Structure formats: C-alpha cells, structure tokens
C-alpha cells in the first residue's frame, strides 16, 4: 500500500509509520518542516495546511489511503484564547486541505482515516457505557471534535471515498503521551489517584491503536466513527492501583482537584478530572481482536523491562 499521513511526526503517527514501513508499505508524511525526522524508509513532503491544496496534493492522487492526524497537542499548553484558536485552526485547516486534495484527485484514495478523540462525548462522569451512537458533549473539547469531524465529512460527499473517524482514548506508550507523566509520581513514591478517582479512563495500548487503524483501512465494512479504546474502561482509581502494582510502588497520595484546576485551568476538568466510559462497540461487533484488553497486563508489558 501507499499511505499518506498528515501528522506523522506525533506519537501516534510515528508508531503507525513504523509498523507500515516494517511491513513493506510506502509511507509519505506531510509535514510543515521538510527537515523533520520522519524515520527511515519514509518520504517527507512539505505542505502548508491552510485549507487549500498545493503541490503536495499530487501525493494524494492514487494513494491507497490517507490518514489525518494533524493538529497541535491538546495538553501542551494552558487553554488561553489564543491557544484555543491554534488548537482549532491546526485541525480544521489541515482537514480542509486534505479534503480539497481528495476532491481534486483524478484517482482519489479509497479510504480516508480521520483522527478524532473520545473528548467528542464530553465529560460524562455518571453516565453508563458510551458507544459510537452516543451524542456529542458540549464542552470545548467536544465542540472541537465535532467541528474537526464535520470538516472531514465533506470528503465522502466530494468523492466516492470511505471515511473512517477514529475517536482515540488515552493511548498508552512508554515513548510519550500520558503514561510517562502518570507514572512519574509513582516512581518517586508519591503516586495516587487524581481528584475523586471516579472518572473513567478510556485507554488503549498504542500497539492496539495501530492495529485498529490498519484493520479499518483493510476492512471495507468499516466506515464512520469508531472508538479506539480497550473493551474494559477503568476508573482513575483503578488505573492508579494497577500502575502502582506494576511499578511496585505505594498508591497513597491522591492529587486534589483544586490543585489541578489552579495549575491547568479549564483543561483540568476536560482532560484530567472528567472522563468517559467509552467502549469500542463497532470494533467488537466487526470482530477486531485486541492484543491487550487487561489494563494491568498492558501496563506491565509496556513499563517492565
């Protein structure tokens, strides 16, 4: 396959690129910086995701799939008004550029995989299980995800191109993302649950995330939104207990909610103190096989030598 990835230099993009190239597939990464480290056997193509197509759009023509993971990091800075604008524009403009390129291609890709997040559902602390049919939330992250997905919906209308929207949970990897940050207090013997600990953590290993994306590309029956989360979401308290056992550290020092609100502002409730009991109903219904469905075993495989 020849796969074009926008946002291929992030944690998820790097993992996906590594797997694809190891299997002999051709990968083109669209990047704002031509000198970006995209890995061996990967071709970097400079692009300007401003909502329009450019010379880079020729890479879309005849590709076997396009994967859009582009967007500024949600947790990389306090949500000031200017930061919110950056989070939005980096997602919406890049998506519109790719949709335009697909619309102009003489041979459009058969599948377009759009990144999204379980933040689409908002914070649902006391709700039951949430699947792909559940409604969107109303907080900033939910509104951002709705707009991001809406921008991608135009690709299916413009060309006969199957659209898959991957709503990703907390992707667990020792290479980056949330897990190293969550593990650090435990390594220093000061770990514990966050806030009340009642909020759910919809997690997935990065290996299962990669496998699900590849499976979605190769499975014509899959279209629309899919939840990229493990089958058994856990509460933050359960997550902390499992992490403590894996690291052989105490689980004694909860982090008060007010401290996080002071440090993170609005982001604290949206990302850390809120949560969603998300389940991958569509993936399970279509027979996707998770390699890691048990949290403690997954953490041990990731964190222990």
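The values are calculated or read from the model by the stated rules, or taken from the named source; none is laboratory data. Please read these numbers as outputs of a predicted model, since none were measured by experiment. Note that we place each Cβ from the backbone using ideal geometry, even for glycine, and neighbour counts take in every protein chain shown.
The figures follow:
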| item | result |
| --- | --- |
| Among the candidates 24, 51, residue that is under 26 Å from residue 212 (Cβ atoms), at pLDDT 90 or above, part of a loop (DSSP other than H, G, I, E, B) and over 20 Å from the mean Cα position of the chain (by Cα) | 24 |
| The listed residue being surrounded by 22 or more Cβ atoms within 10 Å (Cβ to Cβ), within 16 Å of residue 73 (Cα to Cα) and either at pLDDT below 95 or in contact with a strand residue (DSSP E or B) (Cβ under 7 Å, 6 or more places away or on another chain) (or both), out of 169, 176 | 169 |
| Residue list for segment 54-86, restricted to those being closer than 19 Å to residue 31 by Cβ, within 16 Å of the chain's Cα centre (by Cα) and in contact (Cβ under 8 Å) with a residue 24 or more places away in the chain | 66, 67, 68, 69, 70, 71, 73 |
| Per-region count, segment 73-117, residues more than 20 Å from residue 63 (Cβ to Cβ), in contact with a strand residue (DSSP E or B) (Cβ under 9 Å, 6 or more places away or on another chain) and in a helix (DSSP H, G or I) | 1 |
| For residue 182: the one exception among (1) modelled with pLDDT of 95 or more; (2) within 20 Å of the chain's Cα centre (by Cα) | (1) |
| Single unsatisfied condition, residue 93 versus (1) free of Cβ contacts under 8 Å to residues at least 60 places away in the same chain; (2) surrounded by 19 or more Cβ atoms within 10 Å (Cβ to Cβ); (3) under 14 Å from residue 7 (Cβ atoms) | (2) |
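Residue-wise test of (1) in contact with a helix residue (DSSP H, G or I) (Cβ under 7 Å, 6 or more places away or on another chain); (2) farther than 21 Å from residue 149 by Cβ.
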| position | (1), (2) |
| --- | --- |
| 7 | yes, no |
| 28 | yes, yes |
| 42 | yes, yes |
| 71 | yes, no |
| 98 | no, no |
